[in-house]
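Before any comments, here is the structure.
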Amino acid sequence: MPLTTALPDRCDHVMTRLEYSAKDQSSALKPPPDAAGVIETQGLNLYYGTFHALIGVTIKIQPRRITSIIGPSGCGKSTLLRTFNRMNDLIEGIQITGNVIVEGANIYAPGCSIEQLRKRVGMVFQRPNPFPLTVFENVAFGPRVHKMAGRGELMGIVEQSLRAVLLWDSLKDRLHRSALELSLEEKQRLCIARAIAAKPEILLMDEPCSALDPIATARVEELMTGLKSRFTIVIVTHNMQQAARISDDTGFMLLGELIEFGDTDQVFTAPRNEKTEQYITGRFG
Amino acid sequence: MDPKTAQRIAFTALFLGTCLVIVPVVFVLAVIVKEGAGIINWNFLTTQPLNGMRAGGIFPAILGTLILVSGAVMISLPIGVLAAVYLNEYAGERPLTRIIRLAIINLAGVPSVVYGLFGLALFVMFLQFGVSIIAGCCTLAIMELPVIITASREALNSVPQSFREVSLSLGASRWQTIRNVVLPNALPGIMTGTILSVARVAGETAPILFTVAAFYLPHLPRSIFDQTMALPYHLYIISTQIPNMPRELTFGTALVLISMVFIMNLAAIIIRVYFRRKKLW
C-alpha cells in the first residue's frame, strides 16, 4: 500500500510511549501536552481504487470539544472519520496520501502500532452493536485486550465506564445478563461505555443516534455534551440540527472536499462559503 | 384445464414426491429393527465374537469404530478449523485461494474407495505406518476435511462483520479478534459440521478396508499401530464372507451401526437448535 509519509520521525515518540505504557499498563499514554487529543490532517487524499473519496482534506480538530462533520450522503464524512483510527485499512484497494497526525504522531507512518492507535481513538458505530456477551464482558473487552487491569481492577473500570454513560444505576444488578436484552438506547450507551473503558483520548462517533428515537437521541446527545470535558469527540451526522445543538466546531464536506470548517455558530449563522449556506438552508442534500 | 385444477394436481404431485422420500427411510429402519432388534442386549454389545463370528458379541468392532472416528476427528478438526479460519479471515481473493477452494470442493466429491487407495499408498506404504489404526484415522480424517472446512467457513461467515469491526476498533489485533470474537460465535456451527462429518465417515467401509480393518482379531488393539476391527467392515464380512451366518446377527450389527450414526446426527441437531435459540443477533 503506497503511503506518503512526510513525517517519519513523528512516529518515534509513539514507540517510546509504547515502551512507557508497557512499564506502567494502568496509566494512560501521555502525548506531548500540547498535542493531547488533537487530530490534524494535512492534504489528505484517499482513493477507493480509482474513486477519489477524500480530496486534499486539511483539518485541525481541537481537544475537549465536540466537532461535527456534516454533509450529504457519500460526501466522505464517514471515510474521513475512519481515517482517524485507520478503520479504512480493512477495505481492500484503498490508497492514502498526505498526513493524519493524531496526538502529534503521524499514524500512517510505518511502524506505528494500529492497536495502540485504536486504543487511544475509540469508536462508536451507527447501529448499536454489543457483542452477544454479558454487559460486564462487553465493557471489559477493551481493558482485557490491552491487559489494562488485574482481576480486582477490572470491576472498577467497568463501573467507571458505566457510570460515565449513566447506565451504572440501572444495570449494576444486571451486569451478568446478556447485553442483547437491553433497549436500543441502552445498547448504544453500552457501546459508548465499551469504547470509554479502553481509556481513549478521542471518541469517534459515526452517526451514533441515527438508529434511535428522538427521546433517546436527546439523552445520548446530553451524554455526549457531558463527556466532552474528558474526550475529544468527533461526530459524523446526517442531522444538521444535531450538529448545531451539540457541537463546538463544524466541518461541512461535499464530494470529498472539506468546504468549510469553523466554530459551529459561525458555520450555521454566517457561513463563509456559498455551498455551505445552500446546504444548511436546505437547498440541497 | 382451469388454473385451480392444475394447481391442485401440481400440489398433489409435490406432496406425493415428498412422501416417497420418507418411504425408503422408514422401510430400511423397519426391516433392520424387525430383523435385528431381537439380538441386541448387553452381552451382544460388550463381548467378543465367538464360533467364527457366528455367535457372541461385536464389542471389538464397536470399540474399533469409536477409536477410528475419534482419532480421525482429533486430526481433522484442528487442521480443518485452521484452514477455514485462514481462508475466511486472512486470505483474500487471490488465484491461489480460489484454487484451494476449488480443491476442497473436489475433495468432497472423491469416491470413498479412492480415499482408501490413497491411504494405502501414502500412510500404509510410503509413510510405513502399516495397516494400522493411525493409517485408518489419517485416511478418515482426510475424508472429513472438506466437510469440516466447508461447515466451518459457513459458520465463520455467519458471524456479523460488525463484531469484527468493533473488536478491531477497540484496538484488538486480528488474531485477538478471531480468538475472542469470531471463533466463539462460530463454534456451534463448527461443532455441528464436525459431528455430521464424523457421522458420515463412521459408516464408511472402503477407506478403512486397506488401511486398518481386520477380518478378525482375538484381542483388542494395544497401540495405534495395531489393526482393529470396525463396524462397517465387520458388517461387510459377516454378510458376504461367512457361510451360515445367523441373519439376526447381521441385522443386529447393522442396527448398532445405524444407531451410532443416528445418535451423532441427533447430537448435531440438538446443538444447532440449542444455539439457534440462544443466538440473538
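The values are calculated or read from the model by the stated rules, or taken from the named source; none is laboratory data. Here the structure is a predicted model, which is why all the values come from computation and not from measurement. Here the Cβ positions follow ideal geometry from the backbone for every residue, glycine too, while neighbour counts run over all protein chains shown.
Residue-level analysis places residue A:39 outside the set of residues that are closer than 29 Å to residue A:199 by Cβ and touching an Asp or Glu at 6+ places or on another chain (Cβ under 6 Å). Any residue in the stretch A:114-137 that is farther than 25 Å from residue A:219 by Cβ and outside any helix (DSSP H, G or I)? No, the stretch A:114-137 contains no residue that is farther than 25 Å from residue A:219 by Cβ and outside any helix (DSSP H, G or I). In the set (1) among the hydroxyl-bearing types (Ser, Thr, Tyr); (2) surrounded by 19 or more Cβ atoms within 10 Å (Cβ to Cβ); (3) out of contact with any strand residue (DSSP E or B) (no Cβ under 6 Å at 6 or more places or on another chain), residue A:79 fails one condition alone, (3).
In this structure, is residue B:37 within 20 Å of the chain's Cα centre (by Cα) and either touching a residue at least 60 places away in the same chain (Cβ under 8 Å) or surrounded by 13 or more Cβ atoms within 10 Å (Cβ to Cβ) (or both)? Against the criterion (within 20 Å of the chain's Cα centre (by Cα) and either touching a residue at least 60 places away in the same chain (Cβ under 8 Å) or surrounded by 13 or more Cβ atoms within 10 Å (Cβ to Cβ) (or both)), residue B:37 does not qualify. Among the residues of the stretch A:133-156, those that are more than 10 Å from chain B (Cβ to nearest Cβ) and crowded, with 22+ Cβ neighbours inside 10 Å comprise A:135, A:139, A:140. Among the residues of the stretch B:121-144, are any acidic (Asp, Glu) and buried (at least 19 other Cβ atoms within 10 Å of the Cβ)? Scanning the stretch B:121-144 turns up at least one residue that is acidic (Asp, Glu) and buried (at least 19 other Cβ atoms within 10 Å of the Cβ).
For residue B:267, the test of being over 26 Å from residue B:30 (Cβ atoms), of a type in the set (Gly, Ala, Ser) and in a helix (DSSP H, G or I) is failed. Looking at this structure, is residue A:191 away from chain B (no Cβ under 14 Å) and buried (at least 21 other Cβ atoms within 10 Å of the Cβ)? Judged against the criteria, residue A:191 is not a match. Residue check: is residue A:175 in contact with a strand residue (DSSP E or B) (Cβ under 9 Å, 6 or more places away or on another chain), more than 14 Å from every other protein chain (Cβ to nearest Cβ) and over 17 Å from residue B:168 (Cα atoms)? So residue A:175 passes the test.
Quick check on the stretch A:236-246. Is at least one of its residues crowded, with 21+ Cβ neighbours inside 10 Å, under 17 Å from residue A:84 (Cβ atoms) and in contact with a strand residue (DSSP E or B) (Cβ under 6 Å, 6 or more places away or on another chain)? Yes, the stretch A:236-246 has at least one match. Against the list (1) assigned to a loop (DSSP other than H, G, I, E, B); (2) touching a residue at least 40 places away in the same chain (Cβ under 8 Å); (3) of a type in the set (Gly, Ala, Ser), the condition residue B:152 fails is (1).
Listed by position, the helices (runs of 4 or more DSSP H) enclosed by the stretch B:161-206 that each have at least 1 residues that are hydrophobic (A, V, I, L, M, F, W, C) and at the interface with chain A (Cβ under 10 Å from one of its Cβ atoms) are B:161-169.
Quick check on the stretch A:203-219: of everything there that is in contact (Cβ under 8 Å) with a residue 24 or more places away in the chain and either small (Gly, Ala, Ser) or buried (at least 23 other Cβ atoms within 10 Å of the Cβ) (or both), which residue is farthest from the other protein chains (Cβ to nearest Cβ)? Per the stated criteria, the residue is A:216.
Annotation: of all residues in the stretch A:157-172 being within 26 Å of the chain's Cα centre (by Cα) and not in a helix (DSSP H, G or I), the one that is farthest from the other protein chains (Cβ to nearest Cβ) is A:166. When residues in the stretch A:107-132 are screened for being at the interface with chain B (Cβ under 9 Å from one of its Cβ atoms), over 15 Å from the mean Cα position of the chain (by Cα) and among the hydrophobic types (A, V, I, L, M, F, W, C), 1 of them pass. Of all the numbered requirements in (1) within 23 Å of the chain's Cα centre (by Cα); (2) modelled with pLDDT of 90 or more, residue B:101 misses one, and that requirement is (2). All of B:215, B:225 fail the test of being closer than 21 Å to residue B:116 by Cα, in contact with a helix residue (DSSP H, G or I) (Cβ under 9 Å, 6 or more places away or on another chain), surrounded by fewer than 16 Cβ atoms within 10 Å (Cβ to Cβ) and free of Cβ contacts under 8 Å to residues at least 40 places away in the same chain, apart from B:215.
Each row is one residue, and each column tells you yes or no for (1) of a type outside the set (D, E, K, R); (2) under 22 Å from the mean Cα position of the chain (by Cα).
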{"residue": "B:209", "(1), (2)": "yes, yes"}
{"residue": "B:214", "(1), (2)": "yes, yes"}
{"residue": "B:226", "(1), (2)": "no, no"}
{"residue": "B:231", "(1), (2)": "yes, yes"}
{"residue": "B:241", "(1), (2)": "yes, no"}
{"residue": "B:256", "(1), (2)": "yes, yes"}
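Filter the stretch A:241-285 for residues that are small (Gly, Ala, Ser) and within 23 Å of residue A:208 (Cα to Cα); which is modelled with the lowest pLDDT? Going through the qualifying residues, I end up with A:285. Scanning the stretch A:250-284 for residues that are touching a residue at least 60 places away in the same chain (Cβ under 8 Å) and of a type in the set (Asp, Glu) yields a single hit, A:257.
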